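Below: the structure, in structure tokens.
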Amino acid sequence: MIDQTEKGTLEKGMFTLRVIWIAMLVSLGFYVIIANYVAEKMPSIFRGYPVAYFPYILYAISAVELLIIRYIRKAVLSPQRISKMSGLTPPASVSSQQRAIAIYTQASIITWAIAESISVYGLVCFLLAEDYRSFYGLVIAAFMTIYFYRPKMEELTELLKAFSASSKA
């Protein structure tokens, strides 16, 4: 069972993660604002050039990234990695809660950064080919991915339990 001190440490870590998560979602909104502003002010720099296949290339890269996110997250949060890390001797001032928060933060930021890159692909596609459909499709895919992998206290407590179990063994 988690005592109040541990819970307070976890809640502080989750607050920080939620702030980062909200900032990532807000940045997607900025991409939409930028694209709409640029659409009014700047003509396409590639008008007349054959960029018909470019959105499909970005879709393929985005699909691969969406698949990779799941495996990277599993690898970072895997019990085998946690048990290996528990074997390392951390400084005495670092608690298992802080270690769990650090690992969970690492996995979350990697996940969100990869998802954010999908929206950047959409913005690039829009700027090069004036393709609104691809832009909004990729931004929505990024939004859904970031939302799906939002910070969850249940995941963090499971990670803490895994740390506790591996350190006792």
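The values are calculated or read from the model by the stated rules, or taken from the named source; none is laboratory data. Being a predicted model, the structure only gives us computed values, none of them experimental. Please note that ligands, DNA and RNA were not included when accessible areas were found on the heavy atoms of the full protein model with its side chains. Shrake-Rupley method; radii C 1.70, N 1.55, O 1.52, S 1.80 Å.
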> Mean projection of the alpha-carbon convex hull of the range 112-157 over all orientations, in nm²?
Replying inline: 2.9 nm²
> Tell me, what are the semi-axes, in whole angstrom and largest first, of the equivalent ellipsoid of the range 1-43 as set by the roots of 5 times the Cα gyration tensor eigenvalues?
Replying inline: 41, 5, 4
> With every protein chain kept in the model, how would you rank Thr16, Thr105, Thr5 by accessible area, 1.4 Å probe, largest at the top?
Replying inline: Thr5, Thr16, Thr105
